[in-house]
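> One structure is given below, represented as structure tokens, and several questions about it will come after.
Since every read-out is calculated from the coordinates, none of them should be taken as a lab result. Since the model is a prediction, treat every value here as computed from it, not as a measurement. Glycine also receives a Cβ, built like all others from the backbone with ideal geometry; neighbour counts cover every protein chain displayed.
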């Protein structure tokens, strides 16, 4: 949904994937560029795509070793927002990027972010999100659907690395 919202706002995206099968899926969502992290020097490819300017910022849901590559792909003074830990609770990054290039690393958690929202602010956020969903500006990637009584199967599927979208329980 980040890709869809960025596309809607006219923001170009460079996206990283681990498998070539994901490239067309992301392009269909509006991704401008997609790089397979297992095929060559990611930072060099970002440099080429941006004409040497590098990315303004980045959003990282993986962490781990990949964070170092993401940080190196951001321009001086850029920000990397990390919101996930798919690679585990540790991350790697070069300290020189923070000291000499002024790159900023910020963590994000929805619960922490909204903890101090007033009820009106929270309602405004939910309303805006629902409006984006209603207008189909953002759409969740829906994967396999399971009947409620098959919830154990659904949980197993959701834990697989390649389940192709959000696993849903349906009442039908």
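> By the gyration tensor of its Cα atoms, with a ≥ b ≥ c the square roots of the eigenvalues, what is the shape of segment 59-172: rounded for a/c under 1.5, prolate for a/b over b/c, or oblate?
Taking the square roots of the gyration eigenvalues as a ≥ b ≥ c, segment 59-172 is oblate.
> Please list 37-43, 122-128 highest first by mean number of surrounding beta-carbon atoms within 10 Å per residue.
Per-residue mean Cβ counts within 10 Å order the peptides as 37-43, 122-128.
> I'd like the distance separating the alpha-carbon centroids of segment 119-172 and segment 92-107, in whole Å.
After rounding, the separation between the Cα centres reads 34 Å.
> If each DSSP helix of 4+ residues adds -39,500 (n - 2.57) and the sum is divided by the residues in the chain, what number results at 222 nm, nearest 500 deg cm²/dmol?
Values: 8 runs with 65 residues, N = 172.
Mean residue ellipticity, 222 nm, calculated: -10000 deg cm²/dmol.
> Sorted from fewest to most neighbouring beta carbons within 10 Å, what does the list 60, 32, 97 look like?
On the way: 60 23, 32 15, 97 19.
Result, fewest neighbours first: 32, 97, 60.
> Okay, next question. Let me make sure I get this right: for segment 1-56, a, b and c are the square roots of the gyration tensor eigenvalues over alpha carbons, sorted descending. Under 1.5 in a/c it's rounded, otherwise prolate if a/b > b/c, else oblate. Which is it?
It is oblate, given that a/c is not under 1.5 and a/b is not larger than b/c.
> Given R₀ = 30 Å, what would the calculated FRET efficiency be for residue 36 paired with residue 123, taking r from the Cβ atoms and rounding to 0.05?
On the way: r = 41 Å, r/R0 = 1.36.
For residue 36 and residue 123, the calculated efficiency is 0.15.
> Let a ≥ b ≥ c be the square roots of the eigenvalues of the Cα gyration tensor of segment 12-103; is it rounded (a/c under 1.5), or, if not, prolate (a/b larger than b/c) or oblate?
oblate
> Then there's this: At a Förster radius of 30 Å, what calculated FRET efficiency corresponds to the Cβ-Cβ distance of residue 116 and residue 157, to the nearest 0.05?
Values: r = 36 Å, r/R0 = 1.21.
E(calc), rounded to 0.05, equals 0.25.
> Ok, one more. Using a 10 Å cut-off around each Cβ, can you sort 168, 96 from fewest to most neighbouring Cβ atoms? Please report the intermediate quantities before stating the final value.
Working: 168 13, 96 10.
Taking fewest neighbouring Cβ atoms as first place, the list is 96, 168.
> Here's something else I'd like to know. Given the options 59, 14, 95, which has the most mean-square fluctuation in a GNM of the chain, springs set between C-alpha atoms less than 10 angstrom apart?
95
> Further, regarding this structure: Could you tell me the calculated FRET efficiency between residue 18 and residue 148, based on Cβ-Cβ distance and R0 = 22 angstrom, to the nearest 0.05?
My answer for the efficiency is 0.10.
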